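Okay, so here's the structure we're looking at.
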Amino acid sequence: MSEEAKKNEYSADSIQALEGIEHVRMRPSMYIGDIGVRGLHHLVYEVVDNSIDEAMGGYCDAIEVTINEDNSITTKDNGRGIPVDLHKKEGISALEVVMTKIGAGGKFDKDSYKVSGGLHGVGVSVVNALSDRLKASVHRDGKVWEQEYERGKSLYPVKSVGETSERGTIVTFHPDVEIFTQTIEYSYETLANRMRELSYLNKGVTIGITDRRQKDEEGNFVSEKFYSDQGLKEFVRFLDSNRDPLIKDVISMEGEKNGIPVEVAMIYNNSYTENLHSYVNNINTHEGGTHLSGFRRGLTTTLKKYADSSGMLDKVKFEVAGDDFREGLTAIISVKVGEPQFEGQTKTKLGNREVSSAVSQSVSEMLTNYLEEHPDDAKIIVQKVILAAQARHAAAKAREMVQRKTVMSIGGLPGKLSDCSEQDPSLCEVFLVEGDSAGGTAKQGRDRNFQAILPLRGKILNVEKAMQHKVFENEEIKNIYTALGVTIGTEEDSKALNLEKLRYHKVVIMCDADVDGSHIETLILTFFFRYMRELIEGGHVYIATPPLYLVKKGSKKRYAWSDKERDEIVESFGGSAPIQRYKGLGEMNAEQLWDTTMNPSFRTLRQITIDNATEADRIFSMLMGDEVPPRREFIEKNAVYANIDV
Ligand code: 0RA
């Protein structure tokens, strides 16, 4: 066997247990981030990551994920199968070591080419420790091997249960309700989105997902199969399917620089938003990092050079800068790094210095070639850049105005804002309310100690379709900036949002529970997503949920938030009772609004989270079209029910 082969050969000795199952169960968040919805889904990603590693090594091309009736998960792959031979040091099967020794994993040593990292990559043993039961089946060398576990401990030694002509690993686990006390209900959408993303990031691998809890019209389990032949190129097309391209095809490249595999795909569209997504070892690096800055640098220098030499900038009087090259750009950058260093608040910022130049060089080469070969596209891109620069100069002026207004203290607060008396922002809430009349009710109904009201007039600007300076010139939007006390620009990033002076830690959108209300809700959310994403990421944005019905019988009265609930209440009132349907907030009096929607002891606020920025971006670009149903669907899907106050 060659040195290289030996290196890659699974060596039982390299497995080292670092910490115990007890520690994982005591401090689950240290391993999977949190024990809420996110952590629950991480369990699946963790196992699938191992299958993806097999695929990246060239050993696997099919992965299947099944959500079973009881919310247990089965993953199946056709990789090499977890080794089952005796682990010399531990004196047990390697499978048992991989499944029960925290920090083990066998191929997780630095020598072998294992690139999963970041939040994932903690090992399947962590999934095992956090499951009340798990079963592993390995098809390897003609035999089927099995072992089962409870809360990370094996129930019997690995045994052979039959013969097989297949190869691969099947894992079924059921999340432990002692750990995941909030919920163990898996979201098909969330898992399907991740599987789709993984299939674009790993072309040639078929990834299927089936939900055995739901059937479609034909009586089959809800199921999808993802497969991408062209990888990132198709991913970009998918992301931009709701936008109009400026150039004919997606520009893409794939290569390796200084031992770092780099893949890039990009296109220009006629929108005004920059839409960059970066990945390291299949993990979305929300906070960017060296690979992203490398991309930006490569893009800017190459386009600048081309524009200069083409003479197109000769008559341009204003300066053309970095941002201008990225307006209307949708791009994905994916790199694989052996030992990634993750930094930043959410540990999703790549720190490795060497990656920057690798990406920048790759991008320069790719783009230089492309521009030379496609002079028509090159011209279109440069023209777009010049327009962007022009608009930016207009926007800078408008932004300055917002800025100036914001830095002024109390005196500068918008006249429509009814502020609260509490000074500590962590205790304060502001309700953004649709319309002046509902605003009036909310003002009467609120607890003025800690609740502020900002009424917004009618439909707020659709920022998806507006140029930046229009956004900063909009009255309602200026009011939101001023009321919240946030400013634009930090020392590090001129566009970043500065939350230091945020005046309310809860920003609650309160709209009618009808089609119009949901549209306004979406417009506000779109604004937050595009211009105040940090506010959402900080967990500050919520949606209020006013009731749909009031059921009254004699002195008894109860509110209902769904048709089902309404029927149950009527039933409990003896089968018949008068029902009042609330079409808007305006139909409730101040006391009712407080009781049902604003009082922290009774209300349900839905916290807005961005689980998947890539998907969120695509959906926002779609939502701002003309159809209402997908919009509603989006809101339902992306708002996590959270009784955060009780
Ligand atoms: C340890 C070593 C090897 C593979 C795996 C673990 C492995 C784990 C999982 C989890 C799900 N599917 C998986 N597939 C493989 C290397 C195997 C070898 O060298 O033969």
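The values are calculated or read from the model by the stated rules, or taken from the named source; none is laboratory data. The model shown is predicted, which means the values in this text are computed figures rather than measured ones. Every residue, glycine as well, gets a Cβ built from its backbone with ideal geometry; the counts of neighbours run over all protein chains shown. What goes into the accessible areas is simple: the full protein's heavy atoms, side chains included, and nothing from ligands, DNA or RNA. Shrake-Rupley method; radii C 1.70, N 1.55, O 1.52, S 1.80 Å.
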Taking the range 205-249 as the search range and keeping residues that are β-branched (Val, Ile, Thr) and more than 20 Å from the chain's Cα centre (by Cα), which one is farthest from Ile333 (Cα to Cα)?
-> Val222
The condition from (1) more than 19 Å from the chain's Cα centre (by Cα); (2) not in a strand (DSSP E or B) that His42 misses is numbered (1)
Whichever residue in the range 285-295 is surrounded by 22 or more Cβ atoms within 10 Å (Cβ to Cβ) and not hydroxyl-bearing (Ser, Thr, Tyr) and, among such residues, is nearest to Pro245 (Cα to Cα) = Phe295
Determine whether the range 417-427 contains at least one residue that is open to solvent by less than 10 Å² (accessible area, probe 1.4 Å), of a type in the set (Gly, Ala, Ser) and under 32 Å from the mean Cα position of the chain (by Cα).
-> no
Identify, please: which residue in the range 250-284 is open to solvent by 30 Å² or more (accessible area, probe 1.4 Å) and of a type in the set (A, V, I, L, M, F, W, C) and is, among those, farthest from the chain's Cα centre (by Cα)?
-> Met253
Can you find even one residue in the range 157-165 that is open to solvent by 30 Å² or more (accessible area, probe 1.4 Å) and assigned to a helix (DSSP H, G or I)?
-> no
Counting only residues that are charged (D, E, K, R) and at pLDDT below 90, which one in the range 582-599 is farthest from Ala442 (Cα to Cα)?
-> Lys583
Matching residues in the range 206-234 - criterion: being open to solvent by less than 10 Å² (accessible area, probe 1.4 Å) and closer than 24 Å to Glu254 by Cβ = Ile207, Ser228, Gly231, Leu232
Quick check: anything in the range 214-225 of a type in the set (A, V, I, L, M), in contact with a Ser or Thr (Cβ under 9 Å, 6 or more places away or on another chain) and either over 24 Å from Met622 (Cβ atoms) or outside any strand (DSSP E or B) (or both)?
-> no
Tally of residues being more than 30 Å from Thr183 (Cβ to Cβ) and touching a Ser or Thr at 6+ places or on another chain (Cβ under 6 Å) across the range 80-90 | 2
Looking at (1) within 28 Å of the chain's Cα centre (by Cα); (2) on the phi < 0 side of the Ramachandran plot, which is the only condition Glu150 fails?
-> (1)
Exactly one of Glu197, Glu185, Glu189 is more than 16 Å from the ligand (Cβ to nearest atom), outside any loop (DSSP other than H, G, I, E, B), open to solvent by 30 Å² or more (accessible area, probe 1.4 Å) and touching a residue at least 24 places away in the same chain (Cβ under 8 Å), and that one is Glu189
Find the residue count for the range 336-347, including only residues that are in contact with a Leu (Cβ under 8 Å, 6 or more places away or on another chain), on the phi < 0 side of the Ramachandran plot and in contact (Cβ under 8 Å) with a residue 40 or more places away in the chain.
-> 4
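Taking the range 348-380 only, how many residues are free of Cβ contacts under 8 Å to residues at least 12 places away in the same chain and of a type in the set (Asp, Glu)?
So in the range 348-380, the residues free of Cβ contacts under 8 Å to residues at least 12 places away in the same chain come out as 369, 372-373, 375-376.
Add one more test, that the residue is of a type in the set (Asp, Glu), and what stays is 372-373, 376.
Going through the range 348-380 one residue at a time, the tally reaches 3.
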Of those in the range 464-507 that are in contact with an Asp or Glu (Cβ under 8 Å, 6 or more places away or on another chain) and within 15 Å of Arg533 (Cα to Cα), the residue surrounded by the fewest Cβ atoms within 10 Å (Cβ to Cβ) is Lys495
Please work out which residue is surrounded by the most Cβ atoms within 10 Å (Cβ to Cβ), limiting yourself to the range 67-88 and to residues that are within 11 Å of the ligand (Cβ to nearest atom) and closer than 25 Å to Thr190 by Cβ.
-> Asp77
Can you name the residue in the range 126-148 that is charged (D, E, K, R) and in a strand (DSSP E or B) and is also nearest to Ile184 (Cα to Cα) among such residues?
-> Asp132
Could you please tell me which pairs satisfy a Cβ distance under 7 Å, a separation of 6+ or placement on different chains, a first residue in the range 212-232 that is acidic (Asp, Glu), and a second residue that is in a loop (DSSP other than H, G, I, E, B)?
-> Asp229/Lys203
Give the residues of the range 428-440 that are open to solvent by less than 20 Å² (accessible area, probe 1.4 Å) and either among the charged types (D, E, K, R) or in a helix (DSSP H, G or I) (or both), sorted by residue number.
-> Glu429, Ala438, Gly439
Which residues, counting only those in the range 11-29, are away from the ligand (no atom under 12 Å from the Cβ) and modelled with pLDDT under 90?
-> Asp13, Gln16, Ala17, Leu18, Glu19, Gly20
Name every residue in the range 128-156 that is open to solvent by 30 Å² or more (accessible area, probe 1.4 Å), within 14 Å of the ligand (Cβ to nearest atom) and in contact with a helix residue (DSSP H, G or I) (Cβ under 8 Å, 6 or more places away or on another chain), in order of residue number.
-> Trp145
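Would you point out the residue of the range 447-458, among those that are open to solvent by 10 Å² or more (accessible area, probe 1.4 Å) and within 33 Å of the chain's Cα centre (by Cα), that is farthest from Ile509 (Cα to Cα)?
Result: Phe450.
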Just a yes or no: is a residue in the range 101-115 in contact with a helix residue (DSSP H, G or I) (Cβ under 9 Å, 6 or more places away or on another chain), modelled with pLDDT under 95 and of a type in the set (Ser, Thr, Tyr)?
-> yes
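With the range 529-626 as the region, which strands (runs of 3 or more DSSP E) entirely inside it contain at least 3 residues that are within 30 Å of Tyr279 (Cβ to Cβ) and either basic (Lys, Arg) or open to solvent by less than 40 Å² (accessible area, probe 1.4 Å) (or both)?
Result: 541-544.
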Within the range 46-66, track down each residue that is surrounded by fewer than 17 Cβ atoms within 10 Å (Cβ to Cβ) and near the ligand (Cβ under 9 Å from one of its atoms).
-> Gly57, Tyr59
Based on what the data block shows, is Gly311 open to solvent by less than 40 Å² (accessible area, probe 1.4 Å) and more than 21 Å from Asn612 (Cα to Cα)?
-> yes
